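Taking it in order: structure first as structure tokens, then the write-up.
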Amino acid sequence: MDLSLTGEQEQLRRTARDFATRARKSGAARGPSAAALSAWAEMAKLGWFSLAVPERLGGYEAPFDLGVLMEGLGMAACPGPVYDAAVLAPAVLSSLDTADSRELLTGIQAGTVRPVVLIGAESGAASTVHRCDVRVMGDALAGAAFPVRHLAWATHVLVLAADTTHDGGWSLVVVPTDVTGYVADELEAFGDTAHRLQVDGVPLSACVVIPIAPPDLAGVRSAVVSSVAALCAFQVGSCQAALDMSVAYCNQRMQFGKLIGSFQRVQDHIIELLIALDSARWTTYSALAEQAAGPLPVVEIHLAKAVTSEAHLAACDSAHEVHAGIGCDIDYGLAPHTYLSRDLHAYLGSPAWHRRELVAALDLVGSRTATDPTAP
């Protein structure tokens, strides 16, 4: 299988990297600055939020190109909910395909809707937050979720919520962030901002509620799985950035009158970083190629996430071994990738959860049991 990129895909990756670099330099890591919002609108004009939307719903649906885009954005640790807007929300909304979901997809593609997606482990899908207990209670939405990434950017929060008022027991509730009863408290976080979301009696009349019938819940779960490969590509881009910075530093940092790249132990760290990057890239590219070719490659996607999340941690750890003190300087540029490697490790399922799902997909056990994506 040829997994090399075409000239157009290489250009897309470079453009995404350069774009994300400018967005982060604008000071957008802690929230949506005016420059960052302008960049968001430009991304929409470029069609980047349409690559996960099926053509029948007005998008382009190009899984491999979407992965290339996310890798480029990951190279600069792009701030904001770009993954939720470009990948996860479109995948979930497309799987439901209602008038409300189509309207939201139109807003996402136009850049006017900046969604954050909340999925709890109880749904049986891979979880986006450690704790999510948000439920439909009569004519209101109540509960809490934390830690929620990029909430300061959001115009809407899409919550997969337990809902006993409908036969399926679940609904996708679209909550505007300016609605009564919506409270977001910023948490002391490792990296970009995180929040604890409290919805205390948010009226359903102010939200969009899309009931999910029992047969459709499986489709939502499959949509979440389908989005994981692009998340892995984002992590691959971050790993590549860690390698590039480490190699560049080795070729300029002098110690004891020599470049530190000449020291065997430093070379060991570079090799460990390269091995981590390669393992992440090839499992991810394989999953993206299979996804572009046909039916959902569940086995390849679970393998990619299990390998890539651990490789991302290892790559950033090795990069810090190479850099030592300067790597901890926030302004240097390595720290955002370190934050990502921790934030995304269990996002949409920990490596352990994906390994269990991989075993189930390969039918290596007698029965499949529900597991917690955040469990060790």
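Matching residues to (1) touching a residue at least 24 places away in the same chain (Cβ under 8 Å); (2) hydrophobic (A, V, I, L, M, F, W, C); (3) touching a Cys at 6+ places or on another chain (Cβ under 7 Å):
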site	(1), (2), (3)
F263	no, yes, no
L273	yes, yes, no
S279	yes, no, no
T284	yes, no, yes
E290	no, no, no
P295	no, no, no
L303	yes, yes, no
T308	yes, no, yes
Requested in this report: Name the one entry in L69, L105, L12 that is farther than 23 Å from A126 by Cβ and in contact with a helix residue (DSSP H, G or I) (Cβ under 8 Å, 6 or more places away or on another chain).
Outcome: L12
Query raised in the report: What helices (runs of 4 or more DSSP H), lying completely within the range 1-99, carry at least 2 residues that are closer than 25 Å to G349 by Cα?
Result: 63-75, 89-96
Requested in this report: Report whether or not S286 is in contact with a Pro (Cβ under 9 Å, 6 or more places away or on another chain), closer than 28 Å to P351 by Cα and among the small types (G, A, S).
Outcome: yes
Requested in this report: Test V92 against the criterion of being in contact with a strand residue (DSSP E or B) (Cβ under 7 Å, 6 or more places away or on another chain) and modelled with pLDDT of 90 or more, and give yes or no.
Outcome: yes
Query raised in the report: In the range 4-20, is there at least one residue being surrounded by 15 or more Cβ atoms within 10 Å (Cβ to Cβ) and touching a Phe, Trp or Tyr at 6+ places or on another chain (Cβ under 7 Å)?
Result: no
Query raised in the report: Which residues, counting only those in the range 320-341, are surrounded by 16 or more Cβ atoms within 10 Å (Cβ to Cβ) and in a helix (DSSP H, G or I)?
Result: H320, E321, V322, H323, G327, A335, P336, H337, T338, Y339, L340, S341
Query raised in the report: Can you tell me which residues in the range 117-161 are touching a His at 6+ places or on another chain (Cβ under 9 Å) and within 15 Å of V208 (Cβ to Cβ)?
Result: V136
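Quick grid of which residues meet (1) more than 18 Å from R17 (Cβ to Cβ); (2) not β-branched (V, I, T):
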residue: R221; (1), (2): yes, yes
residue: C232; (1), (2): no, yes
residue: C239; (1), (2): no, yes
residue: Y249; (1), (2): yes, yes
residue: I275; (1), (2): yes, no
residue: T283; (1), (2): yes, no
residue: A287; (1), (2): yes, yes
residue: L303; (1), (2): yes, yes
residue: C316; (1), (2): no, yes
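This table checks each residue for (1) buried (at least 18 other Cβ atoms within 10 Å of the Cβ); (2) without any contact (Cβ under 8 Å) to a residue 24 or more places away in the chain; (3) in contact with a Leu (Cβ under 8 Å, 6 or more places away or on another chain); (4) assigned by TED's automatic domain parsing to the domain that holds A77.
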site: S222; (1), (2), (3), (4): no, no, yes, no
site: L231; (1), (2), (3), (4): yes, no, yes, no
site: G237; (1), (2), (3), (4): yes, no, yes, no
site: N251; (1), (2), (3), (4): no, yes, yes, no
Query raised in the report: Do we have any residue at all in the range 321-341 that's β-branched (V, I, T) and either within 30 Å of S222 (Cα to Cα) or assigned by TED's automatic domain parsing to the domain that holds A126 (or both)?
Result: yes
Query raised in the report: Can you name every residue in the range 197-219 that is under 22 Å from the mean Cα position of the chain (by Cα) and surrounded by 24 or more Cβ atoms within 10 Å (Cβ to Cβ)?
Result: L197
Query - Verdict on T112 being of a type in the set (S, T, N, Q), in contact (Cβ under 8 Å) with a residue 24 or more places away in the chain and not in a helix (DSSP H, G or I) - result: yes
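The values are calculated or read from the model by the stated rules, or taken from the named source; none is laboratory data. In this text, all values refer to a predicted model and were calculated from it rather than measured experimentally. Here Cβ is always computed from backbone atoms with ideal geometry, including for glycine, and neighbour counts include all displayed protein chains.
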